[in-house]
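The values are calculated or read from the model by the stated rules, or taken from the named source; none is laboratory data. The model shown is predicted, which means the values in this text are computed figures rather than measured ones. All Cβ positions, even for glycine, are placed from backbone atoms using ideal geometry, and neighbour counts span all protein chains on display.
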Amino acid sequence: MKKYFKITMSILMSAILVISLASCNSSEKDIDAKIKNTVDAYYENMKNSIDEGDSYSDIASRIKKYLDREGFKTRVFSKESIVVYVNRKENSANNEKRIFNISFSKETAKGSGQAIATILGVLKNSEKNGDIKVMITPVRDGYKYGLESIPKKEFAGYDFINLISSKDTGTAISSPKTEVFKISKKAVKNKPKGEIAYRIGIKGLMKEDSGNRSEKHANPITNLGGILLRAKNADINIEIVNFSSTGDISKYPYEGFVEVVIEKGSQEKFEERLKNAKEDFLKKNKKLNPDVTFDYEQIEMPKKAYSYGATMDILSLIYTLEDGIFMTTERDYKGDIEALDTIANIRTENNKLELSIMARAVSDEAMDSMRENFKMTSGILGFSMQSEERATTWKKKSEEYWKKSGIYDVLGKNTDQNKELFVESPGSYVAGKYTDLNVAEVRFNFDKLKDVARGLKKFVEENTKTKDK
């Protein structure tokens, strides 16, 4: 009888366990579906508001009206920056005070909409949360953030987490020091010695932050400079008339143009080189940049051009300067990145040759090394150099704090943790301005919404104590 009773109890307990697990799985699926439906609805409205808005103030007005209808409490600062106040749930103690920030621009409407929708969808469906603010802020000129317009009191006592929807995923609690180096020299234009002029242009490249090294991005300045330098080394005399690029200083330039004069006897050889250069460039870059074009054409002869010597100086400068990874923790560019730079802009107007470099380094020592290298290289070629600091270094002062919070588990175990964030970020701005705040940045892939939403929900709920009854 006892044996029969034990078997029966064993079967009963197993049945209860199976039913319990099934119920748990069903509940999880219901929550996943509920969050996904909420996120999808928010995303369409967020993306459309950013896409269709005529200005940042118009975008903010559209987003605010929608969120007000959805029951969120909102406030707009300087007509452009929105703060969404997510009050704590009734069962929650007021121990979790966090700001989730999402910055937006016309160029990033899709990604911005995804990030806004994800965090609001999670908070709408969380079982418990403390006092949380969601800041929705515009970005200008690649580094000026709408966060500047939000009063200091809105940040006091809160942790700050910047959210970005991105292919390059990971969690960061530090960013490098950034500095812009402007290298220039005077040069006078004279009547050209050659008889034929060409215009060569690359355009349609992605507008990507130059700190993002997840893909191999083309730089039109270095590509055009390399084509001309190789042609010059093949005994084709070249005089630059104009060399220019377009793009924010913190991003890869997305287009570049150069006008040159050559001798008539070199025309056939020069055109053959341009034809081969075009084929090679498009083969390497068309997949990542589907809209990219490489064009060249013969143009009317200009009245003036820079001399062979001045042309060689600017081409040699482009060739000699590092463009990409400058320093790593191990030899032969292996290990973690310590410093990198991008030739971000070129101008040859008003009898002046000018080049701008965006430099990033994780330490003062690495930045000093870059500065010394650029100064020596430019000095040899007769250029002068000036520098302008862009952002203070965002230190890893909160590493233990964030580790305990579970921030690294939001994206799952197999993503980069505590990575150095080489892109300019609202996180680096806030960390520099409010040195007492704990600051982190989470970059997630929207294609894995279910996992990210679960991770964010768990992060919010596990950092909130249940209120004592």
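Condition test on Thr293, is it under 25 Å from the mean Cα position of the chain (by Cα), at pLDDT 90 or above and of a type in the set (S, T, N, Q)? Before the answer, list the steps.
On the way: under 25 Å from the mean Cα position of the chain (by Cα): yes; at pLDDT 90 or above: yes; of a type in the set (S, T, N, Q): yes.
Answer is yes for this residue.
Output yes when any residue across the range 287-295 is of a type in the set (Val, Ile, Thr), surrounded by 19 or more Cβ atoms within 10 Å (Cβ to Cβ) and farther than 30 Å from Lys375 by Cβ, and no when none is.
Yes: the range 287-295 contains one or more residues that are of a type in the set (Val, Ile, Thr), surrounded by 19 or more Cβ atoms within 10 Å (Cβ to Cβ) and farther than 30 Å from Lys375 by Cβ.
Under the condition of being closer than 19 Å to Ser112 by Cβ and among the aromatic types (Phe, Trp, Tyr), which residue from the range 71-86 is modelled with the lowest pLDDT?
The extreme case among them is Phe72.
Note down all Cβ pairs under 9 Å where the first residue falls in the range 447-465 and is touching a residue at least 60 places away in the same chain (Cβ under 8 Å), the second is part of a helix (DSSP H, G or I) and among the aromatic types (Phe, Trp, Tyr), and they're at least six residues apart or on different chains.
Going by the 9 Å Cβ cut-off, the qualifying pairs are Val452/Phe446.
Working only within the range 187-227, note down all residues that are farther than 23 Å from Tyr308 by Cα, more than 14 Å from the chain's Cα centre (by Cα) and buried (at least 19 other Cβ atoms within 10 Å of the Cβ). Spell out how you get there, then give the answer.
At the first step, the residues of the range 187-227 found to be farther than 23 Å from Tyr308 by Cα are 202-219.
Then drop every residue that is not more than 14 Å from the chain's Cα centre (by Cα), which leaves 202-205, 216, 218-219.
Across the range 187-227, the qualifying residues are Ile202, Leu205, Ala218, Asn219.
Residues of the range 424-444 being in a helix (DSSP H, G or I), β-branched (Val, Ile, Thr) and surrounded by fewer than 17 Cβ atoms within 10 Å (Cβ to Cβ), which ones? Show your work before the answer.
Pass one, the range 424-444, residues in a helix (DSSP H, G or I): 426-433.
When the remaining residues are screened for being β-branched (Val, Ile, Thr), the result is 430.
Of everything in the range 424-444, nothing turns out to be in a helix (DSSP H, G or I), β-branched (Val, Ile, Thr) and surrounded by fewer than 17 Cβ atoms within 10 Å (Cβ to Cβ).
For the list (1) over 17 Å from Leu456 (Cβ atoms); (2) surrounded by fewer than 21 Cβ atoms within 10 Å (Cβ to Cβ), I need the number of the one condition that Lys128 fails.
Just one mismatch for Lys128, condition (1).
Out of the residues in the range 392-411 that are aromatic (Phe, Trp, Tyr) and either outside any helix (DSSP H, G or I) or under 24 Å from the mean Cα position of the chain (by Cα) (or both), which is modelled with the highest pLDDT?
Step one: filter the range 392-411 for residues aromatic (Phe, Trp, Tyr), giving 394, 401-402, 408.
Retained after the next criterion (residues that are either outside any helix (DSSP H, G or I) or under 24 Å from the mean Cα position of the chain (by Cα) (or both)): 394, 402, 408.
On the way: Trp394: 71, Trp402: 86, Tyr408: 83.
In this case the residue turns out to be Trp402.
Let me spell it out: the conditions are (1) assigned to a loop (DSSP other than H, G, I, E, B); (2) at pLDDT 90 or above, and Ser214 meets all of them except one. Which number is the exception?
Going through (1) assigned to a loop (DSSP other than H, G, I, E, B); (2) at pLDDT 90 or above one by one, Ser214 breaks only (2).
Looking at the range 248-264, which of the residues that are in a strand (DSSP E or B) and over 28 Å from the mean Cα position of the chain (by Cα) is farthest from Ile221 (Cα to Cα)? Give the derivation first.
Our first condition is that a residue be in a strand (DSSP E or B); within the range 248-264, this holds for 251, 255-262.
Now drop any that are not over 28 Å from the mean Cα position of the chain (by Cα), which leaves 259-262.
Details: Glu259: 13, Val260: 14, Val261: 18, Ile262: 20 Å.
Per the stated criteria, the residue is Ile262.
Name every residue in the range 131-170 that is modelled with pLDDT under 90, part of a loop (DSSP other than H, G, I, E, B) and among the hydroxyl-bearing types (Ser, Thr, Tyr), in order of residue number.
Selection gives Tyr143, Ser166, Thr169.
Sort out for me the strands (runs of 3 or more DSSP E) sitting completely within the range 279-391 that have 1 or more residues that are among the small types (Gly, Ala, Ser). Even if it seems obvious, please write down each step before you answer.
Details: elements: 293-299, 324-330, 334-347, 352-361, 384-391.
The strands (runs of 3 or more DSSP E) meeting that bar are 324-330, 334-347, 352-361, 384-391.
So which residues in the range 72-130 are of a type in the set (Lys, Arg) and either part of a helix (DSSP H, G or I) or closer than 23 Å to Asn37 by Cα (or both), if there are any at all?
Taking the range 72-130 as the starting set, the residues that turn out to be of a type in the set (Lys, Arg) are 73, 75, 79, 88-89, 97-98, 106, 110, 124, 128.
Answer for the range 72-130, where residues must be of a type in the set (Lys, Arg) and either part of a helix (DSSP H, G or I) or closer than 23 Å to Asn37 by Cα (or both): Lys73, Arg88, Lys89, Lys106, Lys110, Lys124, Lys128.
Kindly indicate the residue of the range 312-364 that is basic (Lys, Arg) and in contact with a Leu (Cβ under 9 Å, 6 or more places away or on another chain) and also nearest to Lys186 (Cα to Cα) among those meeting that condition. Explain how you work it out, then say what you get.
Residues of the range 312-364 that are basic (Lys, Arg), as a first pass: 331, 334, 347, 352, 360.
Next, only the ones that are in contact with a Leu (Cβ under 9 Å, 6 or more places away or on another chain) stay: 347, 360.
Working: Arg347: 12, Arg360: 27 Å.
Looking at the filtered set, the residue picked out is Arg347.
Residue by residue, here is whether (1) out of contact with any Cys (no Cβ under 9 Å at 6 or more places or on another chain); (2) within 30 Å of Thr466 (Cβ to Cβ); (3) at pLDDT below 90 holds:
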| site | (1), (2), (3) |
| --- | --- |
| Ile31 | yes, yes, yes |
| Asp54 | yes, no, yes |
| Arg69 | yes, no, no |
| Arg88 | yes, yes, yes |
